[in-house]
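The values are calculated or read from the model by the stated rules, or taken from the named source; none is laboratory data. Just so we're clear, the structure is a prediction, and the values are computed from it rather than from any experiment. With ideal geometry, Cβ positions are generated from the backbone for all residues, glycine too; neighbour counts draw on all protein chains shown.
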Amino acid sequence: MWQGSRMRVAVVAGPDPGHAFPALALCLKFRAAGDEPTLLTGTRWLDVARAEGIEAVELDGLDPTAADDDRDAGAKIHQRAARMAVLNRQRIADLSPAVVVSDSITTCGGLAADLLGLPWIELNTHPLYRPSKGLPPVGSGLAPGATPST
């Protein structure tokens, strides 16, 4: 078990409830362990986090710009993340975190941590699926196998 001093942690998550809520829950766990988490997310959840005693600040760059193409999932996750990493770099630096936790969809947290030379961890907010004997891996895009009829 960690026996050091309090650790400052920046937790970055987008504004969708399925990402903001697990990030807030993680912040509560950090606080219960004696650490100092700060949640960076959309404005919708800032007061909710603060009501739970968690420091929360707005994550800049969530709104798409004219250059963003939300029809392209790869560009949405990575191109926007690169722009957001630059926008949030100083905000994260000002928190002086020992580590950054970045939601799996809001990858700008990890990119900003890289820019700052900080370690970072990815928060996967989705359940871990048990492998199926009859279906392809989740997310593989493969169709289920079919036995030819005779």
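Okay, here's what the table says:
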read-out: Failed item in (1) touching a residue at least 40 places away in the same chain (Cβ under 8 Å); (2) over 23 Å from T41 (Cβ atoms), with S96 passing the rest; value: (2)
read-out: Only one of R31, R71, R44, R50 that is basic (K, R) and in contact (Cβ under 8 Å) with a residue 24 or more places away in the chain; value: R44
read-out: Residue selected from region 106-115 under the condition buried (at least 18 other Cβ atoms within 10 Å of the Cβ) and either at pLDDT below 95 or of a type in the set (A, V, I, L, M, F, W, C) (or both), by the criterion nearest to H19 (Cα to Cα); value: T106
read-out: Tabulated pairs, region 105-118, first within 20 Å of A75 (Cα to Cα) and part of a loop (DSSP other than H, G, I, E, B), second modelled with pLDDT under 95 and among the polar types (S, T, N, Q), C-beta under 9 angstrom, 6+ apart or interchain; value: I105/T125
read-out: In region 74-93, the residues that are aliphatic (A, V, I, L, M) and free of Cβ contacts under 8 Å to residues at least 40 places away in the same chain; value: A75, I77, A81, A82, M84, A85, V86, L87, A93
